[in-house]
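Here is the structure we will look at.
FYI, it's all coordinate maths here, none of it is from the lab. These numbers were taken from a predicted model, which means no experiment stands behind them. Here the Cβ positions follow ideal geometry from the backbone for every residue, glycine too, while neighbour counts run over all protein chains shown.
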């Protein structure tokens, strides 16, 4: 114990009793000018483009058609591709839906079925004109009072309403 006290008294620098020293500025003479020659002839560096396997599906190139908002495209999809499905027999039956929703449906010309469900969810949408089975391929609609946005031909297939209609009541069965 006494040896510790003597060590602290005899070595004051170890106990933190030093006064901080002032910071001396670096003299300007310590720096030397250095010039970088910018006009040195070098071989140009070329970077090759990505091969087609690395290109995005939605890439815009010289042949991409871009439409201004509010303008209708001159051409585009007019209906869904019809797939030849085998007829279901008397012994086949659809499993019951997990749940059903009722509300408003609208249309838009994106060619997708949009709901606030995970993509790939199978739904049957029924309205005054009939029922259709679709797979959810987009997230939406943006308006909370609407439950589904449909591709225009699908909307009028289940709507059973005149062509100027924009909203219809539907029941959606989620599988």
By average Cβ neighbour count within 10 Å, what is the ranking of 119-125, 167-173 from highest down? 167-173, 119-125
Counting other C-beta atoms within 10 Å, which of 138, 109, 93 has the fewest, and how do the rest follow? 93, 109, 138
Just want the ordering: 31, 155, from fewest to most Cβ atoms lying within 10 Å of their own Cβ. 31, 155
